[in-house]
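Everything on this sheet refers to the single structure shown next.
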Amino acid sequence: MGAGFSGYFFNNSGGVSCSSSNSSPTNLGDLPESCVALVIGYLDPPEICKLARLNRAFRGASWADFVWDSKLPSNYQSLIGKFSNNFPSNLSKREIYARLCRPNSVDGGTKKVWLDKSTGGICLSICSRGLAITGIDDRRYWSRVPTEESRFHTVAYLQQIWWFEVAGEVDFPFPVGTYSLFFRLQLGRVSKRFGRRVCNPEHIHGWDIKPVRFQLSTSDGQQAISQCFLDGPGKWVHYHVGDFVVVNPNTPLKIKFSMTQIDCTHTKGGLCVDSVIVYPSEFKERLKRF
């Protein structure tokens, strides 16, 4: 044998390996950052962040811009333009991804947009103040109620009304994909009593007589209609309105949506309107009510 070799041995896969008496075993810390980056680029963002804790090579590789290029939405520059104040020009792709994962406010704080940390899918939420609610300024019918159970810290509470109508629209550069739109609603007004969550059903009525009608339409001609009875007092429920598909991420898509119960033969009340949520449809089963 040549000098320096202590011998040959068969490895577990049947191949032949050699060991050297003059060198120490190779470990993960000896791998070049470029090689590590190529491998971890196939992983999900949470897995990349976990591996970054292993050693210096993995930590350095986890900051490589090309690793995060495939994780960011294809039109992320358009998204950054929506929240320009929060995105300095010198951010790395990993920092951009991290900031996009935080709820970013738009349109005077009436909307919040963020990326799902695991998939990079765009999520959007519109608060009750960003919706057109019939009679909202009349205290006989509606009131604004502060709550810790909303990401916007307030909901619109309906005491009683004959003509119920809530509508809104959003004009946003969604990345390519299929999205689902939901209304987040709750029957009854919730408060805390001795540290316990208590639902007051005092004003709940009328929702079991006729169903609520949900609608959405998009600027490229897509439409969806659904209806159901509201139930489940004291529980926040995501009522599925419908789905839409985005094929051009470079052109903002306008979505109009509404929920109505305008049968004036009876009144209805006792409803909290929190928000409208747009999620990638892969999350539909997580949120879908019917």
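Couple of notes before you dig in:
- Summed over region 46-96, the residues that are closer than 29 Å to THR110 by Cα and either at pLDDT below 75 or among the basic types (Lys, Arg) (or both) give a count of 7.
- SER125 meets each of the listed conditions (1) farther than 30 Å from LEU158 by Cβ; (2) buried (at least 16 other Cβ atoms within 10 Å of the Cβ) apart from (1).
- Comparison of GLU169, GLU148 shows that the only residue that is among the charged types (D, E, K, R) and at pLDDT 95 or above is GLU169.
- Test: residue in region 189-209 that is surrounded by fewer than 18 Cβ atoms within 10 Å (Cβ to Cβ) and among the hydroxyl-bearing types (Ser, Thr, Tyr): yes
- With respect to the conditions (1) closer than 15 Å to ARG184 by Cα; (2) surrounded by 17 or more Cβ atoms within 10 Å (Cβ to Cβ), ILE136 lacks only one, and its number is (1).
- Considering SER105, SER143, SER74, the condition of being assigned to a loop (DSSP other than H, G, I, E, B), of a type in the set (S, T, N, Q) and not assigned by TED's automatic domain parsing to the domain that holds PRO46 is satisfied by SER74 alone.
- Scanning region 57-73 for residues that are within 16 Å of VAL113 (Cβ to Cβ) and not hydrophobic (A, V, I, L, M, F, W, C) yields a total of 1.
- Region 105-130 - residue that is under 26 Å from TYR42 (Cα atoms) and β-branched (Val, Ile, Thr) and, of those, farthest from the chain's Cα centre (by Cα): THR119
- Selection of region 168-178 for residues being assigned to a strand (DSSP E or B) and either under 15 Å from TRP236 (Cβ atoms) or touching a helix residue (DSSP H, G or I) at 6+ places or on another chain (Cβ under 6 Å) (or both) yields only THR178.
- Residue count for region 150-167 under the criterion of being assigned to a loop (DSSP other than H, G, I, E, B) and in contact with a Lys or Arg (Cβ under 9 Å, 6 or more places away or on another chain): the result is 6.
The values are calculated or read from the model by the stated rules, or taken from the named source; none is laboratory data. Please read these numbers as outputs of a predicted model, since none were measured by experiment. Neighbour counts are summed over all protein chains in view; Cβ atoms, including those assigned to glycine, are modelled from backbone coordinates with ideal geometry.
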